[in-house]
């Protein structure tokens, strides 16, 4: 299954001290499940909502 493949990749990366980053993480539940897989970084609405170009320039 996809979950087994992801788990294997994450365990291998962790054992090789390779940092992993999950994108499009939108809920705390997703973040917790991904943390259990040794994923070390997160990007998505659970961290912070996107900002507009105008806010970046300002």
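Derivation of every value follows stated rules applied to the coordinates shown; laboratory data play no part. In this text, all values refer to a predicted model and were calculated from it rather than measured experimentally. Every residue, glycine as well, gets a Cβ built from its backbone with ideal geometry; the counts of neighbours run over all protein chains shown.
Output the relative contact order of the chain, whole-number percent, from Cα pairs under 8 angstrom with separation of 6+ residues. Walk me through the intermediate numbers first.
Working: 50 pairs, mean separation 19.0, N = 58.
Relative contact order for the chain comes out at 33 percent.
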Computed [θ] at 222 nm, deg cm²/dmol, the chain (DSSP H ≥ 4; -39,500 (n - 2.57); rounded to nearest 500): -14000 deg cm²/dmol
Angle between the chain longest axis and helix 2-15 axis [Cα atoms, degrees, rounded to 10]: 90 degrees
Point-to-point label distance, residue 19-residue 40, nm (Cα→Cβ direction, 7 Å offset): 0.6 nm
(i) 27, 13, 9; (ii) 28, 9, 8; (iii) 19, 17, 12, with the label sought being that of the calculated semi-axes √(5λ) of the Cα gyration tensor in Å: (i)
